[in-house]
Amino acid sequence: KNKTNKDLSDNIKDMENMIESYLSFTKGIAKKSHVMNINKILQSITNKWKNAGKKISYENGKTIKINANPDNIKRVIENIVTNGFKYGKNISIKLTTEDEFVNIIIEDDGSGIPEDKLNEVFNPFYRIDESRNKETGGAGLGLSVAMDIITYYGGNILLENRKDKSGLIATITLPMIV
């Protein structure tokens, strides 16, 4: 019985830590926004991962400006790229524009996500790997916080498996300054 109580107590402590972590993330969303060049953020993330020996490419197009906080946008993209490298070996990033929106398209060659889980991964504390072992993954907050940040700036994140079933495509859509 004591082991059960200890397990329950540890579980509650884990949940409290996850909730505190989530609240601190969401408080950071409202940081001051300003006009920023999305290309610079994508280039710096690409350079960081290349310097770490990872295979990542970025098609740097024309300068695209958005109104957001660079730290928040960087957090979102870093989360998706980190997840991509957790499951795959190669990542490509490209920008496209459509009307007044920019699409940041991040593709990996990992295993993808089961079709029925593509939207669930945005729920707080949801993890595809259902164990709560922090060595095998995070608290299940990364994509939830990413979606909160992007919707705060008037955008959206869409996840879809590549047609050839070898990886994931994450499309972050944000309003751009035209």
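Stretched out straight at 0.36 nm per residue, the stretch from Asn5 to Lys89 would grow longer than its current Cα-Cα span by 26.1 nm.
In this rough spin-label picture, where each label sits 7 Å from Cα along the Cβ direction, the Met15-Ser33 distance is 3.4 nm.
Taking a sphere under 15 Å around the Cβ of Thr46 and counting the other residues whose Cβ falls inside, with K and R at +1 and D and E at -1, yields a net charge of +3.
In this rough spin-label picture, where each label sits 7 Å from Cα along the Cβ direction, the Glu100-Lys65 distance is 1.5 nm.
In this structure, the pairs whose alpha-carbon distance is over 18 Å, taken from Lys50/Lys86; Lys40/Lys74; Lys62/Lys94; Lys62/Lys89; Lys48/Lys94; Lys55/Lys89, are Lys62/Lys89. Across segment 69-83, computed HN-Hα scalar couplings (Karplus, 6.51 cos²θ - 1.76 cosθ + 1.60, θ = phi - 60°) run 9, x, 4, 5, 5, 4, 4, 4, 5, 4, 4, 5, 5, 4, 4 Hz from first to last residue, x flagging Gly and Pro. Taking 0.36 nm per residue of separation and subtracting the current Cα-Cα distance, fully stretching the chain between Asn123 and Thr151 would add 8.7 nm.
Remark: spin-label model distance Asn51-Asp164 equals 3.2 nm, labels positioned 7 Å along the Cα→Cβ axis.
Residue-wise HN-Hα couplings along segment 33-41, as the Karplus relation 6.51 cos²θ - 1.76 cosθ + 1.60 with θ = phi - 60° gives them from phi, are 8, 7, 5, 9, 8, 5, 4, 4, 5 Hz; Gly and Pro carry x.
Add +1 for every Lys or Arg and -1 for every Asp or Glu among the other residues with Cβ under 11 Å from the Cβ of Ile106, and state the total.
Net charge in that neighbourhood comes out at -2.
Read-outs throughout are calculated quantities, based only on the coordinates presented, and are distinct from any laboratory measurement. Keep in mind that what you see is a predicted model, and the values were worked out from it rather than measured. Cβ atoms come from the backbone with ideal geometry, glycine included; neighbour counts cover every protein chain shown.
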